[in-house]
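Asker: Got a structure for you, questions after.
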Amino acid sequence: MLTFPNAKLNLGLYVTARRPDGFHTLETVFVPLPWTDALELLPAAPGQPTSLGLSGRPIPGAPDTNLCVRAYALLQADFPQLPPAQLHLHKVVPIGAGLGGGSADAAFALKAANELFGLQLSTEALESYARRLGADCAFFIQNKPVLAREKGDVFEKISLDLAGTACAVVYPGLHISTVEAYARIVPQAPAHPLRAALGAPIETWRDTVANDFETALTPTYPVLAAIKQQLYAAGAAYASLSGSGSAVYGLWPGQFEAPALSWPAEYLVWRGQL
Ligand SMILES: C[C@](O)(CO)[C@H](O)COP(=O)(O)OP(=O)(O)OC[C@H]1O[C@@H](n2ccc(N)nc2=O)[C@H](O)[C@@H]1O
Ligand SMILES: Nc1ncnc2c1ncn2[C@@H]1O[C@H](COP(=O)(O)OP(=O)(O)OP(=O)(O)O)[C@@H](O)[C@H]1O
């Protein structure tokens with residue numbers, strides 16, 4: 001079975017409190033970004049163990065630490081009838097970019113195994129496996145816009161009309177560790193609660209929708225502010241860091257395509273419609 005794990009963007013991200021277990025409570029909106037890896041899951045050939053083939057962007061770490069292999073192993077622990085699997089991941093979405101690429105790979109591996117081997121797991125059951133793999137992971141099970149709270153893995157419906165919104169993503173090639181990014185944050189309540197702020201026209205978001213990681217990371221990585229400024233200069237109605245960075249996106253409502261941007265190719269500009 002071939003699947004295409006997509007990235008995500010965060011529209012606003014407030015880190016509201018530090019929990020006793022060291023994690024943080026969040027208020028953020030996740031939206032799918034149609035920029036994908038490719039992940040194939042097949043039963044392994046007879047007598048062969050579970051394996052992972054990799055192509056595309058290099059992923060640090062041994063194959064058995066890869067999130068899609070860990071996702072499959074999690075299911076195998078509860079479903080001993082699952083055979084060894086042959087996985088292949090073609091990595092496109094940059095790592096450590098705030099785009100949730102690894103989390104998406106894990107969630108799509110769970111969904112593919114459920115379908116291919118007829119496990120009949122409900123959406124809720126898949127989400128609860130996903131939560132065990134990473135805070136961002138559960139979002140990718142349903143993979144539609146949601147307001148997320150708690151660790152970013154408890155969801156409320158939100159109605160957002162982003163149809164016909166052009167988007168550009170700029171990745172400055174910095175791998176920002178999520179742990180390091182959280183360590184720089186002083187949690188506080190959002191100045192403008194996200195549900196109400198996102199209900200207003202996109203043009204107002206610049207003054208009311210923020211990502212706490214942007215403020216925390218910009219002094220160390222001034223390139224993030226420079227990219228954001230250039231997106232606004234190119235006419236974006238809204239621009240922001242996604243997640244804990246380092247990808248920065250711009251939105252152009254009512255436009256078929258974001259304008260051509262002049263960053264070098266290694267900055268991986270993705271342009272498309274949300
Ligand atoms: C920044 C975001 O991308 C926003 O969507 C996510 O919060 C990150 O989620 P993620 O990459 O799935 O994170 P995990 O793999 O679960 O956790 C990595 C590390 O991030 C920190 N972490 C993560 C999520 C959270 N709600 N609070 C945290 O403090 C913890 O130090 C944790 O050890
Ligand atoms: N399939 C995978 N894709 C990406 N990273 C993976 C994967 N499996 C394991 N990892 C490990 O996870 C870490 C990347 O996690 P990180 O959270 O920084 O990036 P991400 O999941 O791509 O996106 P985000 O920054 O939004 O969380 C790396 O250390 C990498 O080795």
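The values are calculated or read from the model by the stated rules, or taken from the named source; none is laboratory data. As the structure is a computational prediction, the values presented were derived from the model and not from experiment. Cβ atoms come from the backbone with ideal geometry, glycine included; neighbour counts cover every protein chain shown.
Asker: Which one is nearest to Gly173 (Cα to Cα) among residues in segment 59-86 that are modelled with pLDDT of 95 or more and part of a loop (DSSP other than H, G, I, E, B)? If you could, list the steps in order and put the result at the bottom.
Answerer: If we filter segment 59-86 for residues that are modelled with pLDDT of 95 or more, which is where we start, we get 59, 65-79, 82-86.
Remaining after also requiring part of a loop (DSSP other than H, G, I, E, B): 59, 66, 79, 82-84.
Details: Ile59: 14, Asn66: 21, Phe79: 40, Leu82: 38, Pro83: 38, Pro84: 35 Å.
Only one residue fits best here, namely Ile59.
Asker: Moving on. Taking segment 135-170, which residues are at pLDDT 95 or above and on the phi > 0 side of the Ramachandran plot?
Answerer: Residues satisfying the conditions are Asn143, Glu150, Gly152.
Asker: Check Thr218, Thr178 and return the single one that is within 17 Å of Ala97 (Cβ to Cβ), within 16 Å of ligand 1 (Cβ to nearest atom), modelled with pLDDT under 95 and not assigned by the TED database to the domain that holds Trp35. Reasoning before the result, please.
Answerer: Working: Thr218 fails: modelled with pLDDT under 95.
Going through Thr218, Thr178 in turn, the sole match is Thr178.
Asker: Restricting to segment 89-101, name every residue that is buried (at least 23 other Cβ atoms within 10 Å of the Cβ) and at negative phi.
Answerer: Leu89, Val93, Ala97, Leu99, Gly101
Asker: Working carefully through the options Leu121, Leu110, Leu126, Leu89, find the one that is part of a loop (DSSP other than H, G, I, E, B), under 22 Å from Gln76 (Cα atoms) and more than 10 Å from ligand 1 (Cβ to nearest atom).
Answerer: When all the criteria are applied, what remains is Leu121.
Asker: Return the pairs, sorted by first residue and then second, in which the second residue is charged (D, E, K, R) and assigned to a helix (DSSP H, G or I), the first residue lies in segment 55-71 and is under 21 Å from Ala113 (Cα atoms), the beta carbons are less than 7 Å apart, and the residues are 6+ apart or on different chains.
Answerer: Cβ pairs passing all conditions: Leu67/Asp105; Cys68/Asp105.
Asker: Have a look at Val223, Val269, Val170 and point out the one that is away from ligand 1 (no atom under 16 Å from the Cβ), crowded, with 20+ Cβ neighbours inside 10 Å, of a type in the set (Val, Ile, Thr) and farther than 24 Å from His24 by Cβ.
Answerer: Val170
Asker: Test Ala112 against the criterion of being more than 17 Å from the chain's Cα centre (by Cα) and more than 10 Å from ligand 2 (Cβ to nearest atom), and give yes or no.
Answerer: It is true that Ala112 is more than 17 Å from the chain's Cα centre (by Cα) and more than 10 Å from ligand 2 (Cβ to nearest atom).
Asker: Whether any residue in segment 31-49 is in contact with an Asp or Glu (Cβ under 8 Å, 6 or more places away or on another chain), touching a residue at least 12 places away in the same chain (Cβ under 8 Å), within 16 Å of ligand 1 (Cβ to nearest atom) and aliphatic (A, V, I, L, M) is what I want to check.
Answerer: no
Asker: In segment 1-23, which residues are surrounded by fewer than 19 Cβ atoms within 10 Å (Cβ to Cβ) and not in a loop (DSSP other than H, G, I, E, B)?
Answerer: Result: Leu2, Thr16, Ala17, Arg18.
Asker: For segment 242-266, enumerate the residues that are more than 16 Å from ligand 2 (Cβ to nearest atom), in contact with a strand residue (DSSP E or B) (Cβ under 9 Å, 6 or more places away or on another chain) and not acidic (Asp, Glu).
Answerer: Our first condition is that a residue be more than 16 Å from ligand 2 (Cβ to nearest atom); within segment 242-266, this holds for 250-266.
Next, only the ones that are in contact with a strand residue (DSSP E or B) (Cβ under 9 Å, 6 or more places away or on another chain) stay: 250-261, 263.
If the condition is that a residue be more than 16 Å from ligand 2 (Cβ to nearest atom), in contact with a strand residue (DSSP E or B) (Cβ under 9 Å, 6 or more places away or on another chain) and not acidic (Asp, Glu), then Gly250, Leu251, Trp252, Pro253, Gly254, Gln255, Phe256, Ala258, Pro259, Ala260, Leu261, Trp263 are the ones that fit.
Asker: Of the residues in segment 150-185, how many are touching a Pro at 6+ places or on another chain (Cβ under 6 Å) and within 14 Å of ligand 2 (Cβ to nearest atom)?
Answerer: Of the residues in that region, 1 qualify.
Asker: Which residues, counting only those in segment 235-260, are buried (at least 16 other Cβ atoms within 10 Å of the Cβ), assigned to a loop (DSSP other than H, G, I, E, B) and either of a type in the set (D, E, K, R) or in contact (Cβ under 8 Å) with a residue 60 or more places away in the chain (or both)? Give the derivation first.
Answerer: Looking only at segment 235-260, we keep the residues that are buried (at least 16 other Cβ atoms within 10 Å of the Cβ), and these are 236-253, 255, 258.
Now narrow it down to the ones that are assigned to a loop (DSSP other than H, G, I, E, B): 236-237, 242-247, 255, 258.
The answer is Ala236, Ser242, Gly243, Ser244, Gly245, Ser246, Ala247, Gln255, Ala258.
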